[in-house]
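Since every read-out is calculated from the coordinates, none of them should be taken as a lab result. Worth saying up front: this structure is predicted, and the values here are computed from it rather than measured. No Cβ is skipped: glycine too gets one built from the backbone with ideal geometry, and neighbour counts run over all protein chains shown.
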Amino acid sequence: MPVRKVLVVDDSPTERHVLTEILQKGGYLVVIAESGEQAVEVAKREIPDLILMDVVMPGMNGYQATRTITRDEITRNIPVIMCTSKGQETDKIWGMRQGARDYLVKPIDGPALLGKIATLG
């Protein structure tokens, strides 16, 4: 199934703006969540084709939100790509163990991100 709608989850307005610009130029519809808790709610309501998930957020972090989304009956088939400043190998391993399909370290390279999304479709 091709990716059309992408949920961007990040507590930083700047990061949300940057990712939204990249995605909209790539032809994707973007929905936004500003926290892990909101990501879970929006994922259930919108059923996006892909979720780009930050890790470091107040309250429910991206690892917890990814684990919740990928284990919920309604949202478990939505692929999650972690997009975070946490670039240690252990961070990547932990993200993948929570159910993420891929892991990108900020700053996000637009063409690389769009390439990864294209391979999901």
Review point. Can you run phi through the Karplus equation (6.51, -1.76, 1.60; θ = phi - 60°) for segment 41-58 and list ³J(HN,Hα) in whole Hz, with x for Gly and Pro?
Key: 4, 5, 4, 5, 7, 8, 6, x, 7, 7, 10, 9, 10, 6, 9, 7, 9, x
Check your understanding: DSSP loop GluC sites (Glu not before Pro) in segment 1-96 with at most 15 other Cβ atoms within 10 Å of their Cβ, which ones?
Key -> GLU73
Check your understanding: What number comes out for the charge environment of THR70, summing +1 per Lys or Arg and -1 per Asp or Glu over other residues with Cβ under 10 Å away?
Key -> +3
**Study point:** Taking the convex hull of Cα positions in the chain, its mean projected area over all directions (nm²)
**Key:** 6.3
**Study point:** About the Cα centre, charge dipole magnitude for the chain (Lys/Arg +1, Asp/Glu -1 at Cβ), debye
**Key:** 340
Check your understanding: If we count trypsin sites (Lys or Arg not before Pro) as exposed when they sit in a DSSP loop and have at most 15 other beta carbons within 10 Å, what is the longest stretch of the chain that avoids them all?
Key -> 5-75
Check your understanding: ILE32's amide H: which non-local residues (gap 5+, or another chain) put their own amide H closer than 5 Å, with H modeled 1.01 Å from N in plane and none for Pro or chain starts?
Key -> VAL8
Exercise for review: Quick one: how many lysine pairs does the chain have with C-alpha atoms less than 21 Å apart and a gap of 8 or more or different chains? Give me the count, please.
Suggested key: 10
Point to revise | J(HN,Hα) series, segment 16-27, from Karplus relation 6.51 cos²θ - 1.76 cosθ + 1.60, nearest Hz, glycine and proline x | key: 4, 5, 4, 5, 4, 4, 4, 5, 5, 5, x, x
Point to revise | Helix-derived mean residue ellipticity, 222 nm - over the chain, DSSP H n ≥ 4, -39500 (n - 2.57), to 500 | key: -13500 deg cm²/dmol
